[in-house]
Amino acid sequence: MIKIGIFDRYLSTLGGGERYSCKMAEVLSKNNNYKVDLITDLYSDLSEVSERLNLDLSETELRILPFISDDYAQNITGGYDIFINATYLSAFAPRAKYNIYVCYFPTPFDSDFRPVHRFLLAFFRKPARWLYGKSEKFLSSPGRNEITEGIYDLKRFMLGRGSWSTGEIIIRADRSSFIPDNMYFSEDDKKNNDLFIKLGIKNPVDTGLENMSVRISVHPSAVSRSPSVIIEENLGAGQKKSIKVPVRPDEVSYIKISSDVFTPSGKNGREQDSRKLGVVLYDESDISLPKKIFFKILGYIPMFLVTYPSGFKFLESYNEILSISGYTEYWIKRYWKKDSRILFPPVDTESFKAGSKEKIILSVGRFFPEHHNKKQYELARAFTEMVKTDPNEMKDYRLILAGGLENRESHTAYVEKIKEISEGYPIEIRTNISWSELKDLFSKAMIFWHAAGLNEDENKNPAKFEHFGITTVEAMSAGCIPVVINRGGQKEIIEEAVNGFKFEDISELKEKTIYVIKNYDHIDKIKFRAISDSRKYSNKNFEENLLKIIAEATEKLKKD
């Protein structure tokens, strides 16, 4: 069986890139020839990921790989036959037998840097990388017990700091991996052939739980129904306790820690945090004071100092580069001087249906003001101008702006700015809506707008344009007439006046939208062509093309 690892460091964000990587995992895990791990550095509940992304990851294993150092991460990948790096802006050099790099766009690694970042990079990069290199012998040694699931930030835990749990933690304790530093045992323990693992558990005040029940059990196997040890604790608000969990020295033990949970949403400015959180777990291994100081320092070093590449040498570790569009393929060749193979993103075209259409103009995309933002502010302003200049044609039309919104000050301020210019006009802003609500909007909308990259220079800032255009394809599959910017990946999808329309500026956006409104009853041919053309980017085509790529990689492995 071929062992495949798919690395997506940002799995918890559940963005477009995450649907790409997770669809890869779904497709490959359903094939009996492949065993698939989805690798990330912050815990995510795969059942929730599946639900949010409309996927089935039941055959996929989640593996947490905190980025501690290049060597640590590279050693982890060495156990795979095929490793797929699907992490945006990753300069990671793996060691699998066959390595594939997924490039959404070859964005410069310092694209979001401010002067302070450049200063730190110039003067502290070498010391930071040296320290992280030293951490290898402390943190990647086989003496560290393995958290198999249930910790959100494994790196914090490994550095001796508390990490939130999901309320259900499983620790694999292997006798062969025990070392004195992370075990506590007395002379009597030695005689009784028992060892103890030292952990800390805490019920932080901000859980809002006056009492938190915690149950710890030790099992001889992961599926055992008969634990050999049961410890029950009750933590008051803000209370922390140290516990010693006995394990057998002659066998593998699985420690299960279960606790009450809470949801942070609405508490302490964490409106967007909908995770279920349980007891905070600490590693209280007996380690020397120098190591404690070392771990403390390590925890405060910004990761970009360690991960920022010194060139494109990391690409030499990859056997193949996958691009998500012709637009990305072009810029990979121009920036990196490398060839790539196009694997268009999977679009769930089967889930979208053209319903009874209403006078709705729809635009879908995350709300944020910087980098490659979706230009919702400009679209709202254009709509208000159209209502003023073409009141008859625009009668009863609504503009709906839908998309995800993170709880960041700049992001929420951007939405408030849009709301200000929209006041008094039929403009609706829908944030963080469900998959079913999104499908319903697409089915009802007559026209779809997309303007990412508007007023930007494609040669100077190519990353600010849509690298592909998933929402445009979704709109097409639901029978919306696309009116999108003639830039980036949109150019590959839309053929002018055949399956939609393209614009160069706001003036042309308004002009072509009014044309569609006036002639809507006579352009069914365009709508049906849009539906037909959307199937080129379907899940089925993605699956067929991905399996072909992996089959070819497997054949190359056999020859080697």
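The table below lists the values:
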| read-out | value |
| --- | --- |
| Matching residues, the range 39-52, being farther than 21 Å from residue 96 by Cβ and either among the hydroxyl-bearing types (Ser, Thr, Tyr) or surrounded by 21 or more Cβ atoms within 10 Å (Cβ to Cβ) (or both) | 43, 44, 47, 49, 50 |
| Residue 462, sole failed condition from (1) out of contact with any Asp or Glu (no Cβ under 8 Å at 6 or more places or on another chain); (2) at pLDDT 95 or above | (2) |
| Condition met for residue 427 (in contact (Cβ under 8 Å) with a residue 60 or more places away in the chain, of a type in the set (A, V, I, L, M) and touching a helix residue (DSSP H, G or I) at 6+ places or on another chain (Cβ under 9 Å)) | no |
| Cβ pairs under 8 Å, 6+ apart, first in the range 474-501 and farther than 24 Å from residue 355 by Cβ, second β-branched (Val, Ile, Thr) and at pLDDT below 95 | none |
| Per-region count, the range 317-370, residues without any contact (Cβ under 8 Å) to a residue 40 or more places away in the chain and over 19 Å from residue 493 (Cα atoms) | 5 |
| Test for residue 391: is it over 30 Å from residue 462 (Cβ atoms) and either touching a Lys or Arg at 6+ places or on another chain (Cβ under 7 Å) or surrounded by fewer than 20 Cβ atoms within 10 Å (Cβ to Cβ) (or both) | yes |
| Residue 52 vs. criteria within 15 Å of the chain's Cα centre (by Cα), over 30 Å from residue 160 (Cβ atoms) and among the basic types (Lys, Arg) | yes |
| From the options 342, 360, 332, residue that is surrounded by fewer than 22 Cβ atoms within 10 Å (Cβ to Cβ) and assigned by TED's automatic domain parsing to the domain that holds residue 477 | 360 |
| Residue check for residue 23: touching a residue at least 12 places away in the same chain (Cβ under 8 Å) and surrounded by fewer than 21 Cβ atoms within 10 Å (Cβ to Cβ) | no |
| Neighbours by Cβ (under 6 Å, 6+ apart or cross-chain): first from the range 450-465, free of Cβ contacts under 8 Å to residues at least 40 places away in the same chain and over 15 Å from residue 382 (Cβ atoms); second among the aliphatic types (A, V, I, L, M) and surrounded by fewer than 18 Cβ atoms within 10 Å (Cβ to Cβ) | none |
| Qualifying residues in the range 421-449 (those that are among the basic types (Lys, Arg) and part of a helix (DSSP H, G or I)) - the one farthest from the chain's Cα centre (by Cα) | 444 |
| Flag for residue 418 being touching a Lys or Arg at 6+ places or on another chain (Cβ under 8 Å) and not in a loop (DSSP other than H, G, I, E, B) | no |
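Per-residue answers, yes or no, for (1) within 23 Å of the chain's Cα centre (by Cα); (2) outside the structural domain of residue 329 (by TED's automatic domain parsing); (3) modelled with pLDDT under 95:
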residue: 456; (1), (2), (3): no, yes, yes
residue: 469; (1), (2), (3): yes, yes, yes
residue: 481; (1), (2), (3): no, yes, no
residue: 484; (1), (2), (3): no, yes, no
residue: 497; (1), (2), (3): no, yes, no
residue: 517; (1), (2), (3): no, yes, no
residue: 526; (1), (2), (3): no, yes, no
residue: 546; (1), (2), (3): yes, no, no
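Per-residue answers, yes or no, for (1) of a type in the set (A, V, I, L, M); (2) part of a loop (DSSP other than H, G, I, E, B); (3) out of contact with any Ser or Thr (no Cβ under 9 Å at 6 or more places or on another chain); (4) crowded, with 17+ Cβ neighbours inside 10 Å:
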position	(1), (2), (3), (4)
520	no, no, yes, no
534	no, no, no, yes
547	yes, no, yes, no
552	no, no, yes, no
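The values are calculated or read from the model by the stated rules, or taken from the named source; none is laboratory data. Note that this is a predicted model, so its numbers are computed, not measured. Cβ coordinates were reconstructed from backbone atoms using ideal geometry, including for glycine residues, and neighbour counts include every protein chain displayed.
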